[in-house]
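What follows is a short report on a single structure.
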Amino acid sequence: MLDYKPQIWRVNVREQSLKLEPVPDSWKRLGGRGLLTRIMLDEVDAKTDPLGAGNKLIIAPGLLVGHMLSSTDRISVGGKSPLTGGIKESNAGGRTGLHMAMMGIHALIIEDKPQAEGFWVLHLSLADGGSAKWEKADDLTGLGVYEVAPKLLQKYGDKVAISLIGPGGEMQLKSAGIQNIDKDRVPSRINARGGMGAVMGSKGLKAIVFDNAGGQKPPIVNPEAFKVASKDYTKAVLEHPQSITYRDYSTAAIAAMCQSFAALTVKNFSRGTFDKVDRVDGDALREFTLRRGKPSDPSHACMAGCTIKCSNIFGGEDGKVIVSPLEYETIGLMGVNLEIDSLDSIGRLNWQVNDLGLDSIEIGGALGVAAEAGLMQWGSEEDAMKLIEEIRRGTELGRVLGNGAVSTGKHLGIERVPAVKGQAMSGYEPRSIKGTGVTYATTPQGADHTAGLTIRQKINHLDPTIQKQASLTPQLNMAGYDTLGACIFAGFGYVATPDFVIKRLLQARYGWSDISDNILQELGKQTIKMEREFNRRAGFTKEDDRLPKWMTEEAIPENGAVFDVSEEDLDSIFDGIE
């Protein structure tokens with residue numbers, strides 16, 4: 001067993017070299033989203049080409065990763081986004097975070113650009129104290145993630161973690177993500193948003209294999225205190241009503257709530273309710289999975305140790321898996337957004353997009369714009385599948401679609417594009433849930449619900465005067481959770497646990513004695529302040545913190561709402577943290 005020593009693993013793809021470096025003092029108390037943002041500010045020119053040699057791809061586990069705390073073994077992947085042109089963090093579960101922590105990788109920094117064309121598999125291991133092996137990926141190039149992952153597992157063994165791209169990443173499409181294998185070795189957990197798969201493709205990497213043989217869990221300074229805090233947190237997670245709901249109904253449970261607020265994203269965000277929502281909501285998904293039986297499963301953990309189990313395995317009548325998981329965001333953007341009312345259809349579309357290694361939110365947004373332009377019929381799985389096939393074949397139209405909703409709108413002359421900072425909105429209508437609209441507008445990340453969703457707050461979601469604070473608190477909390485490596489649903493447990501459990505966990509894990517009771521918000525403030533500074537350097541102004549003009553004028557028919565939060569509130573939301 002090697003002595004545990006957290007380090008920065010720096011890979012240069014031009015030289016095909018690996019350097020192990022000590023963690024700088026200013027990086028030691030950051031992980032995940034906060035750490036990658038600090039690295040970007042320290043090392044990357046914000047004006048650089050996102051797909052050029054100057055950009056870096058950074059993979060960082062959160063501060064609490066490595067101990068199989070429920071829903072707290074996640075990674076952040078980031079760099080300058082080819083989609084937004086600003087800072088981007090994309091979060092995912094699966095095996096990668098745990099393996100990186102056991103290998104002592106505080107952050108993996110991938111830099112420069114290959115001299116020659118072609119793709120490689122990068123195999124990282126603890127051999128010789130830390131090593132990198134490069135193997136040509138000619139036999140994997142052009143293949144989807146579902147075909148590639150088993151080949152890599154056969155070659156490197158089934159105990160490794162793998163992060164890989166599909167054909168979309170190889171083509172450097174701006175909607176491309178990075179897939180990670182889950183605890184069942186399926187490449188189902190995607191760092192989806194912002195085009196990080198395109199950045200990985202620009203670095204000539206088809207896959208990264210993390211081999212933690214000889215590794216160990218990170219040491220804990222005070223094991224007994226950590227054990228007590230972990231127990232308190234896990235109990236709170238297990239007993240929280242939202243955890244129970246998501247365990248039984250997965251993330252599709254939110255569909256009924258969105259329907260009640262007229263906040264579904266129907267027909268390219270032209271309506272907020274869907275008269276066939278009961279065919280695609282959480283109840284329908286659970287009924288299908290239970291009736292169809294194994295391998296279908298309504299409760300599935302994407303990470304070892306997760307007690308929430310909000311994921312699922314969705315199978316067909318023939319007993320074969322259609323896709324895993326089928327998430328609300330995909331149901332929202334590739335289902336009700338296209339007026340498709342069949343879970344089987346949505347699942348099949350989801351599989352194709354996953355196999356290409358693309359973000360189903362961004363592709364769903366692009367298809368909605370394409371449908372408005374008349375390129376497909378609303379409600380047609382067949383038409384949607386034909387357009388996805390265009391992406392797979394790399395045609396001119398396919399590349400337009402694969403580059404996202406804004407690209408599709410520009411190409412087809414459609415003004416009604418639901419996007420902010422170049423990134424498609426996720427499955428919450430911002431005119432009906434205006435606090436989430438504020439998040440979409442003001443987060444440095446582009447339109448992204450995981451940056452600060454407000455739908456569960458007990459407020460009048462249509463009152464524009466109260467939405468600034470409604471958005472600010474969850475934005476800071478989520479930046480904090482992303483820095484810890486915690487799932488969005490882990491927040492249920494962390495918030496419900498008394499006696500500042502995050503503080504207690506960090507104190508016990510690292511021995512830090514000077515942590516405040518408000519550490520979550522402090523991490524969030526620090527992270528968002530850095531993100532906004534990077535975007536400022538990249539040329540962003542307050543005019544980029546806006547929803548599309550048509551959403552301020554065109555009302556949701558069910559409630560007459562437009563997005564009317566004042567520009568003054570949007571411009572001042574982060575006053576006091578900068």
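Accessible area per residue for region 1-126 is 31 Å², calculated with a 1.4 Å probe on protein heavy atoms, without ligands, DNA or RNA. Taking every alpha-carbon pair in region 334-485 and binning the separations at 5 Å intervals from zero gives 2, 10, 18, 19, 17, 14, 11, 7, 2, 0 percent.
Packing here is the average count of other Cβ atoms within 10 Å per residue, and on that basis the peptides 212-219, 347-354, 69-76, highest first, run 69-76, 347-354, 212-219.
List the pairs from Lys47/Lys155; Lys5/Lys235; Lys183/Lys294 whose alpha-carbon separation is above 28 Å, in the order I gave them. Lys47/Lys155; Lys5/Lys235, as the Cα separations exceed 28 Å there.
Solvent-accessible surface of region 137-291, taken per residue with a 1.4 Å probe and all protein chains present: 37 Å².
Apolar share of the accessible surface for the chain: 49 percent from carbon plus sulfur atoms, 1.4 Å probe. Pairs of Lys residues in region 484-578 are counted when their Cα atoms are under 25 angstrom apart and they lie 8 or more places apart or on different chains; the count is 4.
In order along region 348-355, the Karplus-derived 3J(HN,Hα) couplings, from 6.51 cos²θ - 1.76 cosθ + 1.60 at θ = phi - 60°, round to 5, 5, 4, 4, 4, 5, 4, 4 Hz, and Gly and Pro are given as x. Protein heavy-atom accessible surface, 1.4 Å probe, per residue over region 461-515: 34 Å². Put simply, the Cα atoms of the chain extend 62, 53, 52 Å along their principal axes, the longest span coming first.
With coordinates expressed along the principal axes, the C-alpha atoms belonging to region 469-578 extend over 53, 37, 21 Å, beginning with the largest.
Entry for region 1-98 at q = 0.19 Å⁻¹: log10 I(q)/I(0) = -1.02, Debye formula applied to identical alpha-carbon scatterers, no solvent contribution. Our analysis of region 53-96 gives Rg over Rh at 1.07, with the two radii drawn from alpha carbon positions and Rh computed by the Kirkwood formula.
Where the alpha-carbon atoms of region 205-253 are placed on the principal axes, they occupy 40, 39, 14 Å, in descending order. Applying the Karplus relation 6.51 cos²θ - 1.76 cosθ + 1.60 with θ = phi - 60° to region 245-250 yields 3J(HN,Hα) values of 4, 6, 5, 7, 10, 6 Hz, where x marks Gly and Pro. Extension gain, Thr307 to Asp571, is 91.1 nm, computed as 0.36 nm per intervening residue step minus the present C-alpha separation. Asp564 to Lys542: FRET efficiency via 1/(1 + (r/R0)^6), r the Cβ-Cβ distance, R0 22 Å, to the nearest 0.05? The value I calculate is 0.80.
Using a Cα-Cα cut-off of under 14 Å, which aspartates and glutamates could be cross-linked to Lys133, ignoring same-chain neighbours fewer than 8 residues away? Once the sequence-local aspartates and glutamates are set aside, what remains near Lys133 is Glu15, Asp211.
The slack in the chain from Ala116 to Lys320, taken as 0.36 nm per residue of separation less the alpha-carbon distance, amounts to 69.4 nm. Peptides 527-536, 458-467, 85-94 ranked from most to least packed by the mean count of surrounding Cβ atoms within 10 Å: 85-94, 527-536, 458-467. Lys174 sits among other residues whose Cβ lies under 10 Å from its own Cβ, and their net charge, with Lys and Arg +1 and Asp and Glu -1, is -1. Remark: the Lys276-Asn222 segment gains 14.1 nm on full extension, using 0.36 nm per residue and subtracting the alpha carbon distance.
Largest accessible area first, the residues Tyr481, Tyr249 order themselves as Tyr249, Tyr481 under a 1.4 Å probe with ligands, DNA and RNA left out. Label sites at Arg291 and Lys47, each approximated as a point 7 angstrom past Cα along Cα to Cβ, lie 6.1 nm apart. Residue ranking by accessible heavy-atom surface, 1.4 Å probe, largest first, among Ser260, Ser311 comes out as Ser260, Ser311.
The values are calculated or read from the model by the stated rules, or taken from the named source; none is laboratory data. Just so we're clear, the structure is a prediction, and the values are computed from it rather than from any experiment. For neighbour counting, all protein chains shown are included, and Cβ atoms are generated from backbone atoms with ideal geometry for every residue, glycine included. Ligands, DNA and RNA are excluded from the accessible area calculation, which covers all protein heavy atoms including side chains. Shrake-Rupley method; radii C 1.70, N 1.55, O 1.52, S 1.80 Å.
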